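Novice: I have a structure here, written as structure tokens, and I will follow up with some questions on it.
The values are calculated or read from the model by the stated rules, or taken from the named source; none is laboratory data. Note that the coordinates shown come from a computational prediction; the quantities given were computed from them, not determined experimentally. We place every Cβ from the backbone using ideal geometry, glycine too, and count neighbours over all the protein chains shown. All accessible areas refer to the heavy atoms of the entire protein, side chains included, with ligands and DNA or RNA removed. Shrake-Rupley method; radii C 1.70, N 1.55, O 1.52, S 1.80 Å.
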Amino acid sequence: MWRRVASVSHLTFAQKSIVNKDVCKLKFWEAFSTGIPRKEKGTFQRDKTPFITFVLGGPGSGKGTQCMKIVENFGFTHLSAGDILRREIASNSADGTMILDTIKEGKIVPSELTVKLIQKEMESSDNYKFLIDGFPRSEDNRIAFEQIIGAEPDIVLFFDCPEDEMMKRVLNRNQGRVDDNIDTIKKRLKVFSALNLPVVKYYLERGKLYKINAVGTVDEIYKQVYPLFAQFNFEQV
Ligand SMILES: Nc1ncnc2c1ncn2[C@@H]1O[C@H](COP(=O)(O)OP(=O)(O)O)[C@@H](O)[C@H]1O
Ligand SMILES: O=c1ccn([C@@H]2O[C@H](COP(=O)(O)OP(=O)(O)O)[C@@H](O)[C@H]2O)c(=O)[nH]1
Ligand SMILES: [Mg+2]
């Protein structure tokens, strides 16, 4: 099932995650609403296999906020695809203008470009645990990641949030983003339903999806997220 990330083979990675199902079993299964097959019992060993988590959810569903907490507790490297693309704009690269226009329109940047930027970040990290936040946003993104990186995620989180709540949060985000306005958010919500939800469905059908109720306080939501990661015997970083 797991395919090695050949292009990042110089990295020191840990073996694929394995759930210790005897620990907090109840909490673990309470934490998500879809039936997820458990992984085998065991512990991490240093190896060259990364542990990849895709973090999905609509705009404003709280992906970035929850990722920060996962990083603090579990030592993941947080790769926000949106942040990586915004850095590319800021660096005045050849693709910057096209990326900016795409983000303003709430559309999706060509997959190969995004995946290659993510790949660069993975290759320059000496961590093996990655949170890939806000990606893949489409089936095309997902397939490009599989083809270019040669890997699939170990787990996929999906922050499930009603549209009116997402819209409220985005309009109050106050980070000066060009896409946090009413016109663009409406477009982004449409793109989310049309292109991102099929990816969610894909991982649901493969038993990799952890659906989180994203309504509530940040701490209430993190109470659902924490046990998902606590079950894996990650090495200390
Ligand atoms: N549970 C929550 N309740 C209310 N506001 C939240 C919650 N989680 C995050 N926010 C706020 O909503 C906005 C969007 O959150 P963010 O983490 O950037 O979402 P995303 O990365 O999914 O777009 C931010 O201003 C953030 O502080
Ligand atoms: O893999 C990605 C991630 C982001 N984006 C673009 O970047 C914008 C902002 O993404 P981000 O994840 O930062 O938004 P969030 O969901 O966190 O509000 C998206 O609307 C897209 O236009 C993209 O094209 N591909
Ligand atoms: Mg975000």
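Novice: Within the bounds of the stretch 201-216, is there any residue that is within 12 Å of ligand 1 (Cβ to nearest atom) and either closer than 28 Å to Ser125 by Cβ or modelled with pLDDT under 95 (or both)?
Specialist: Yes, some residue in the stretch 201-216 is within 12 Å of ligand 1 (Cβ to nearest atom) and either closer than 28 Å to Ser125 by Cβ or modelled with pLDDT under 95 (or both).
Novice: Please find, among Leu197, Leu189, Leu209, Leu204, the residue that is free of Cβ contacts under 8 Å to residues at least 60 places away in the same chain and among the aliphatic types (A, V, I, L, M).
Specialist: Just a single option satisfies the conditions, and that option is Leu197.
Novice: Then there's this: If you check Asn141, Asn73, which single one turns out to be over 29 Å from Asp219 (Cα atoms) and in contact with a helix residue (DSSP H, G or I) (Cβ under 9 Å, 6 or more places away or on another chain)?
Specialist: After applying the criteria, what remains is Asn141.
Novice: Right, something else. Mind counting the residues in the stretch 48-87 that are within 16 Å of Glu121 (Cβ to Cβ), touching a residue at least 60 places away in the same chain (Cβ under 8 Å), open to solvent by 20 Å² or more (accessible area, probe 1.4 Å) and within 9 Å of ligand 3 (Cβ to nearest atom)?
Specialist: Here the count works out to 1.
Novice: Sticking with this structure for a sec: Would a scan of the stretch 220-230 turn up a residue that is of a type outside the set (D, E, K, R), within 30 Å of Leu100 (Cα to Cα) and touching a Gly at 6+ places or on another chain (Cβ under 9 Å)?
Specialist: Checking the stretch 220-230: not a single residue is of a type outside the set (D, E, K, R), within 30 Å of Leu100 (Cα to Cα) and touching a Gly at 6+ places or on another chain (Cβ under 9 Å).
Novice: Tell me, which residue of the stretch 106-117 that is outside any loop (DSSP other than H, G, I, E, B) and open to solvent by 20 Å² or more (accessible area, probe 1.4 Å) is nearest to ligand 2 (Cβ to nearest atom)?
Specialist: That would be Leu113.
Novice: So, in the stretch 80-105, of the ones that are within 18 Å of Gly60 (Cβ to Cβ) and in a helix (DSSP H, G or I), which residue ends up farthest from ligand 1 (Cβ to nearest atom)? Full working, then the answer.
Specialist: So the first thing to find is which residues in the stretch 80-105 are within 18 Å of Gly60 (Cβ to Cβ), and the list is 80-83, 85-86, 103-105.
Imposing the further condition that a residue be in a helix (DSSP H, G or I) reduces the set to 81-83, 85-86, 103-104.
Details: Ala81: 10, Gly82: 7, Asp83: 9, Leu85: 13, Arg86: 12, Ile103: 13, Lys104: 16 Å.
That would be Lys104.
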